Protein chains: 2
Amino acid sequence: MSLTTIKAAIRDIPDFPKPGIIYKDITPLLKDPAIFAEIIEILSERYCNTRPDYIAGIESRGFIFGAALALKLGCGFIPVRKAGKLPYKTVSESYQLEYGSAEIEVHVDAVEKNAKVILVDDLLATGGTAVAAVKLLKQLNADIIGVEFIIELAFLNGRSRLDGYTVNSLIT
Amino acid sequence: MSLTTIKAAIRDIPDFPKPGIIYKDITPLLKDPAIFAEIIEILSERYCNTRPDYIAGIESRGFIFGAALALKLGCGFIPVRKAGKLPYKTVSESYQLEYGSAEIEVHVDAVEKNAKVILVDDLLATGGTAVAAVKLLKQLNADIIGVEFIIELAFLNGRSRLDGYTVNSLIT
């Protein structure tokens, strides 16, 4: 399967969540089993030589790709959640939104020191969430061996904020 | 691996999200690759004779088990999301919470008529969310061949509200 096929399955939704924004709808990618499997295959092939210990997925859509990748690679899955959702002791990081700020968390015992972790989310836009997630994992002294996105909106230049990390996106 | 091993990995968190509630923390299940793989294996074995077309996962933790199960079974994944998150035209269902109500949605083109769908969530408590999700899928005339939970709080009797459907839970 070519990347063109995957790209063609992304649905553009104009004016969502507000006027002037073209939203990239990934639900058709998930609905098609061949495309979904191919995406997970491509992600997994990047790590065939350096097996990660954990996949950390960012709530909510990062859970979908992250959990499937964890199963494929035979590693554990770490949910990075919005503040207040995780029941045990957590570490947290705030990040700026267009209006106001948001906070994400992981459990303090989510990963061991120096554990090899891949961070997964569906979309790299300005990079605010991803940077916060990286900081969270660094608080726990994880070794972040890769940051994986399905779609990258390159014009927003989020990648520059993840300088020093291996950052991959399937579709730019 | 025995169910006892899986059950032992669930962490009880007292007084979360509020005093008197014992929260069942599934993050240790996800963190352990052998346990996570075994859970998905057990779920998948139930459908080796009746292949589903889609797995519908309920946001957010249903995404984790649902997406992995979809990959394992080679079928598509349908996200059942909180209201306002899905960008395309949706159908929606409301359900009661302890205080107030909530709403979940799927895209109108999420499943074809008579498509075989398995609904997945992490926890069966009172069953409110699951019943709403079942109604959503019935609005689209899906054939719901199973409703799968990882944990069932049997004393809340949510199962009785899903009468007429095949309902399974791993740990009761």
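The values are calculated or read from the model by the stated rules, or taken from the named source; none is laboratory data. All figures in this text were calculated on a predicted structure; none of them were measured in a lab. Note that each Cβ is placed from the backbone with ideal geometry, even for glycine, and that neighbours are counted across all protein chains shown. Note: accessible area is taken over every heavy atom of the protein model, side chains too, but ligands, DNA and RNA are not part of it. Shrake-Rupley method; radii C 1.70, N 1.55, O 1.52, S 1.80 Å.
Given the conditions (1) under 20 Å from B:Ile26 (Cα atoms); (2) under 15 Å from the mean Cα position of the chain (by Cα), report the number of the one that B:Lys82 does not fulfil.
Answer for B:Lys82: the failing condition is (1).
Is there a residue being more than 15 Å from the chain's Cα centre (by Cα) and outside any helix (DSSP H, G or I) anywhere in the range A:34-45?
Scanning the range A:34-45 turns up no residue that is more than 15 Å from the chain's Cα centre (by Cα) and outside any helix (DSSP H, G or I).
Keeping to the range A:58-77, report how many residues are of a type in the set (Gly, Ala, Ser) and open to solvent by 10 Å² or more (accessible area, probe 1.4 Å). Even if it seems obvious, please write down each step before you answer.
Taking the range A:58-77 and keeping what is of a type in the set (Gly, Ala, Ser), we get A:60, A:62, A:66-68, A:70, A:74, A:76.
Retained after the next criterion (residues that are open to solvent by 10 Å² or more (accessible area, probe 1.4 Å)): A:74.
Matching residues across the range A:58-77 total 1.
Taking the range A:71-90, which residues are in contact with a Pro (Cβ under 7 Å, 6 or more places away or on another chain) and within 7 Å of chain B (Cβ to nearest Cβ)?
Answer for the range A:71-90, where residues must be in contact with a Pro (Cβ under 7 Å, 6 or more places away or on another chain) and within 7 Å of chain B (Cβ to nearest Cβ): A:Gly74, A:Cys75, A:Gly76.
Take the conditions within 14 Å of chain B (Cβ to nearest Cβ), modelled with pLDDT of 95 or more and not in a strand (DSSP E or B) and apply them to A:Phe63. Does it pass?
The answer is yes for A:Phe63.
So, in the range A:92-141, of the ones that are more than 13 Å from A:Ile58 (Cβ to Cβ) and touching a Leu at 6+ places or on another chain (Cβ under 6 Å), which residue ends up farthest from the other protein chains (Cβ to nearest Cβ)?
A:Thr126
Name the residue, out of B:Tyr88, B:Tyr47, B:Tyr23, that is over 21 Å from B:Ile151 (Cα atoms), among the aromatic types (Phe, Trp, Tyr) and either touching a residue at least 12 places away in the same chain (Cβ under 8 Å) or touching a strand residue (DSSP E or B) at 6+ places or on another chain (Cβ under 8 Å) (or both).
From the options B:Tyr88, B:Tyr47, B:Tyr23, the qualifying one is B:Tyr88.
Counting only residues that are more than 10 Å from every other protein chain (Cβ to nearest Cβ) and β-branched (Val, Ile, Thr), which one in the range A:40-57 is surrounded by the fewest Cβ atoms within 10 Å (Cβ to Cβ)?
A:Thr50
Of all residues in the range A:78-108, count the ones that are of a type in the set (A, V, I, L, M) and either open to solvent by 20 Å² or more (accessible area, probe 1.4 Å) or at pLDDT below 95 (or both).
5
Can you find a residue in the range B:136-159 that is open to solvent by 10 Å² or more (accessible area, probe 1.4 Å), among the acidic types (Asp, Glu) and at pLDDT below 95?
No: the range B:136-159 contains no residue that is open to solvent by 10 Å² or more (accessible area, probe 1.4 Å), among the acidic types (Asp, Glu) and at pLDDT below 95.
Can you tell me which residue within the range B:17-36, out of those that are open to solvent by less than 40 Å² (accessible area, probe 1.4 Å) and not hydroxyl-bearing (Ser, Thr, Tyr), is farthest from A:Ile118 (Cα to Cα)?
The qualifying residue farthest from A:Ile118 (Cα to Cα) is B:Asp25.
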